[in-house]
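The structure appears right after this line, and notes come after that.
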Amino acid sequence: FPDHWDKHGIELSRGAAEVARRQGTTVHEGDVFSVNLPESHFDMIVACDVIEHIEDQPGFIALIRRWLKPRGLVVIETGGADSLMARIMGPRWYYLSIVEHVCAHSANSLDRLMQAQRLKPVLRERRWHSRPTSWFKPGKRVAQALVFRLGTAGLERISSVIPLPTFTEQIVTRYSPWHATRDHLFHAYRLEL
């Protein structure tokens, strides 16, 4: 963000807060529910890779709405549970294996959550979590994930007929290997009054 912007952040980690302060950001230490921020103060709030860690999602969005100025923007980036790879992987999608993730949104579920607080969508995109520098490694990882999913689907079918050895059952219930795809939602919403 440009240097002339007044930038604020919320951070749990004291070390990360110090790094951000050295870069010119006012940092409020704590979690989103414990910090005291002014109402109707911010032109834009950015929450990348945050919402999937929040248990009280309606409460979180209500806070964002309270902190935003009228016509302010909120930008949310999170894993897209309706992405092609998430649908192919089903319950084995790697994103669900991250224990700190308490939810995964589809584009529509995120829109419904935001619209309940009068936040209207102005941008809806799918993005890479981090764009790969070459296509070989992501292609290889996606291929491995697909082979893994096909194999576990076959084992699931077999296990419905005959009992599998314990080590095979553990394979069937594992999550897919991490893979780079455009499986993240990047949405922006405007506070309408």
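The values are calculated or read from the model by the stated rules, or taken from the named source; none is laboratory data. Computed from a predicted structure; not experimentally measured. Using ideal geometry, Cβ is built from the backbone for each residue, glycine included, and neighbour counts are taken over all protein chains shown. For the accessible areas, the whole protein counts, side chains as well, though only heavy atoms, and no ligand, DNA or RNA atoms are used. Shrake-Rupley method; radii C 1.70, N 1.55, O 1.52, S 1.80 Å.
Compare I162, I98, I51, I45 by solvent-accessible area with a 1.4 Å probe and give them largest first, with all protein chains kept in place.
So the residues, ranked largest to smallest area, are I162, I98, I45, I51.
Quick one: accessible surface of M85, probe radius 1.4 Å, all protein chains present, in square angstrom to the nearest 10.
20
If you project the alpha carbons of the chain onto the principal axes, what extent comes out on each, in Å, largest first?
That gives 61, 36, 31 Å along the principal axes, largest extent first.
Putting +1 on Lys and Arg Cβ atoms and -1 on Asp and Glu Cβ atoms, find which of Q115, T152, P163 reaches farthest to the positive end of the dipole of the chain.
T152
How far apart, in nanometres, would the label points at F33 and S109 be if each is projected 7 angstrom from Cα along the Cα-to-Cβ direction?
So the label points at F33 and S109 sit 1.9 nm apart.
Could you do me a favour and compute the accessible area per residue for segment 38-83, 1.4 Å probe, result in Å²?
Heavy-atom accessible area per residue stands at 42 Å².
What's the magnitude of the charge dipole for the chain around its Cα centre, counting Lys and Arg as +1 and Asp and Glu as -1 at the beta-carbon? Answer in Debye, nearest 20.
That gives a dipole near 740 debye.
Taking all protein chains as present, what is the carbon and sulfur share of the accessible area of the chain, in % to the nearest whole number, probe 1.4 Å?
About 56 percent, which is the carbon plus sulfur part of the accessible surface.
Full extension from A143 to V102: what is 0.36 nm times the residue separation minus their Cα-Cα distance, to one decimal in nm?
12.1 nm
Over segment 43-94, with a single point scatterer placed on each C-alpha, what log10 of the ratio I(q)/I(0) does the Debye formula yield at q = 0.21, 0.31 1/Å?
Values returned for q = 0.21, 0.31 Å⁻¹ are -0.81, -1.16.
Stokes-Einstein D for segment 4-84 at 37 °C, 0.692 mPa s, Kirkwood Rh over Cα pairs, in µm²/s?
239
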